[in-house]
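We did not get these values from a lab; they are worked out from the coordinates using the rules stated. None of these values were measured; they are calculated from a predicted model.
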C-alpha cells in the first residue's frame, strides 16, 4: 500500500506547503484580509507623526531662543523661575495640588 502512495508523497507535501503559505497570505499579520486594519493603523501613525513634528518644531524654536547667539531674556527668566521655583514679587501665584 505504501509503495503505491510513494510517488504521490512529494506532490502531497508540496500541496500542503502551498496551502500553508496561501492561508497565511490571506490571514497572517500582513495578510490581504487585514488591509483595512493597516489603513487605520497608518492614519493613526500619521496623526501621531504630525503631533510629534509640531512638538519638535516648538522645542527647536524654544532651544533656538536659549542659544548664545539669540538669547531671549524673557524665556531665560521663565525657565529659571520654573526650575528654581521662584516668583517675581509682582506676580500672582496660585498654588495647586499636584
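Here are a few things to note about the model shown:
- Reported to the nearest whole Å, the Cα centre-to-centre distance from the stretch 43-98 to the stretch 1-21 is 68.
- Computed [θ] at 222 nm, helices only, for the chain once each DSSP H run of length n ≥ 4 contributes -39500 (n - 2.57): -24500 deg cm²/dmol
- Candidates 53, 62, 79: whichever shows maximal mean-square fluctuation once the chain is modelled as a Gaussian network with Cα springs under 10 Å: 79
- Note that the chain shows a convex hull volume over its alpha carbon atoms of 266 Å³ per residue.
- Fluctuation leader among 69, 51, 37 - the chain, Gaussian network, Cα springs under 10 angstrom: 69
- Fluctuation leader among 39, 85, 30 - the chain, Gaussian network, Cα springs under 10 angstrom: 85
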